[in-house]
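Colleague: Shown below is the structure under consideration.
All of the numbers you see were taken from the coordinates with simple rules; none came from a lab. Note that the structure is predicted; figures quoted are calculated from it, not measured. Glycine gets a Cβ as well: all are built from the backbone with ideal geometry, and neighbour counts include every protein chain shown.
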Amino acid sequence: MPELEKTNVTIYTHTFRIEGKINLAKGERLTDYIHAAKEFMAVTDATVSTIDDRVVYKTHFLTVQREQIEIIAPHE
């Protein structure tokens, strides 16, 4: 099993911004992870906000339907 690294990401859907972590294999690019993902992507330590910055949900784990993702970007 490959060694995993937690990567901070921001995900935008049509109505929400999700900040959290995804597990990438060491050396894996975010683009490769997205293309290999099944229907849903696991996000940990997630904060879900509306586009106008109102926090609506915080959780240790959630899944995001890949087709709903409009933008995903790594961040520090």
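Colleague: Grab the DSSP H runs of the chain that are 4 residues or longer, score each as -39,500 (n - 2.57), total them, divide by all residues and round the 222 nm result to the nearest 500 deg cm²/dmol.
Modeller: -2500 deg cm²/dmol
Colleague: Cut-off under 20 Å on the C-alpha distance; same-chain residues fewer than 8 positions from Lys38 excluded. Which lysines are left, in chain and number order?
Modeller: Here the lysines satisfying the reach criterion relative to Lys38 are Lys6, Lys21, Lys26.
Colleague: Using Cα pairs under 8 angstrom and six or more residues apart, how large is the relative contact order of the chain, in percent?
Modeller: RCO, the chain: 36 percent.
Colleague: Based on Cα coordinates alone, diagonalise the gyration tensor for the chain, multiply each eigenvalue by 5, take square roots, and list the semi-axes in whole Å, largest first.
Modeller: 21, 13, 11
Colleague: About its Cα centre, what dipole magnitude does the range 37-76 give when the only charges are +1 on Lys and Arg Cβ and -1 on Asp and Glu Cβ, stated in debye to the nearest 20?
Modeller: Dipole magnitude for the range 37-76 comes out near 160 debye.
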